[in-house]
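Presented below is the structure to which this report refers.
The values are calculated or read from the model by the stated rules, or taken from the named source; none is laboratory data. Just so we're clear, the structure is a prediction, and the values are computed from it rather than from any experiment. Cβ coordinates were reconstructed from backbone atoms using ideal geometry, including for glycine residues, and neighbour counts include every protein chain displayed.
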Amino acid sequence: MNRALLSILIAGILAGCATLGGGGPSATAQLQPTRGNSVTGKVSFTQKGDKVAVVANVSGLKPNQEHGFHVHEKGDCSSGDGMSAAGHFNPNGSPHGRHTDQAHHAGDMPNLKADASGNASFTAELDAVSVSEGPTSVVGRGLIVHAQPDDYKSQPVGNAGARLACAVIQKG
């Protein structure tokens, strides 16, 4: 094989590897239980063009139940009950709703769905947030798992109940 062809082949392989492993900026959150609860988990946020891919693995949930799951305004879990994370992340002042609705909080996400063992695997694509710097960035925000499912209607937070776990979303 001649050198020019070999160089083209290697460049193509490297470009393919960069595409497979890649993505844009990323962030992670390590969910810790709030006082009296046992919910834990790890969540990743990866910028993919104009969307953010969210992948979560959460345990300690009520078996076979849905749980509200939201990005919150403040990256502060110091209160013990998760209330220091404040309300839903809502930089555009929109009403609460499904993450697929035209108008919704930037921090609105689908409910977590626990299996019979209380574990949930979650994937979603969000279009109202980013991982890059800016007003819609999730970096430095709070992440909350709620005791009840989000009804996607009740204002301002979907009637999702107590906060079972809290995390701070960190670049990385």
Quiz item: How many residues does the range 27-51 contain that are more than 14 Å from Asp76 (Cα to Cα) and either surrounded by fewer than 19 Cβ atoms within 10 Å (Cβ to Cβ) or within 14 Å of the chain's Cα centre (by Cα) (or both)?
Solution: 17
Quiz item: touching a Phe, Trp or Tyr at 6+ places or on another chain (Cβ under 6 Å), buried (at least 23 other Cβ atoms within 10 Å of the Cβ) and on the phi < 0 side of the Ramachandran plot - does that describe any residue in the range 154-167?
Solution: no
Quiz item: On the given criteria, is Gly118 under 14 Å from Cys166 (Cα atoms), at pLDDT 95 or above and surrounded by 15 or more Cβ atoms within 10 Å (Cβ to Cβ)?
Solution: no
Quiz prompt | Unmet criterion (only one of (1) over 14 Å from the mean Cα position of the chain (by Cα); (2) closer than 22 Å to Asn159 by Cβ; (3) at pLDDT below 95) for His70 | solution = (1)
Quiz item: What number of residues within the range 123-135 satisfy the criterion of being surrounded by 18 or more Cβ atoms within 10 Å (Cβ to Cβ) and in contact with a strand residue (DSSP E or B) (Cβ under 6 Å, 6 or more places away or on another chain)?
Solution: 4
Exercise. Scan the range 29-51 and report the pairs whose first residue is assigned to a loop (DSSP other than H, G, I, E, B) and whose second residue is of a type in the set (D, E, K, R), with Cβ atoms within less than 7 Å and a gap of 6+ or a chain change.
Key: Thr34/Asp81; Thr34/Arg163; Arg35/Asp81; Asp50/Asp127
Quiz item: So how many residues does the range 147-172 have that are within 22 Å of Arg35 (Cα to Cα) and in contact with a Lys or Arg (Cβ under 6 Å, 6 or more places away or on another chain)?
Solution: 1
Exercise. Determine the pairs where a residue that is more than 27 Å from Asn37 (Cβ to Cβ), located within the range 82-102, has a partner that is assigned to a loop (DSSP other than H, G, I, E, B) and among the small types (Gly, Ala, Ser) with Cβ atoms under 7 Å apart, the partner being 6 or more residues away or on another chain.
Key: Pro91/Ala106; Asn92/Ala106; Ser94/Ala103; Pro95/Ala103
Exercise. Scan the range 80-93 and give yes if some residue there is within 15 Å of Ala56 (Cα to Cα) and either of a type outside the set (Phe, Trp, Tyr) or in a loop (DSSP other than H, G, I, E, B) (or both), otherwise no.
Key: no
Quiz item: Here are Lys171, Lys153: which of them is at pLDDT 95 or above and among the charged types (D, E, K, R)?
Solution: Lys171
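What residue, of Ile169, Ile144, is touching a Cys at 6+ places or on another chain (Cβ under 7 Å) and closer than 21 Å to Phe45 by Cα?
The match here is Ile144.
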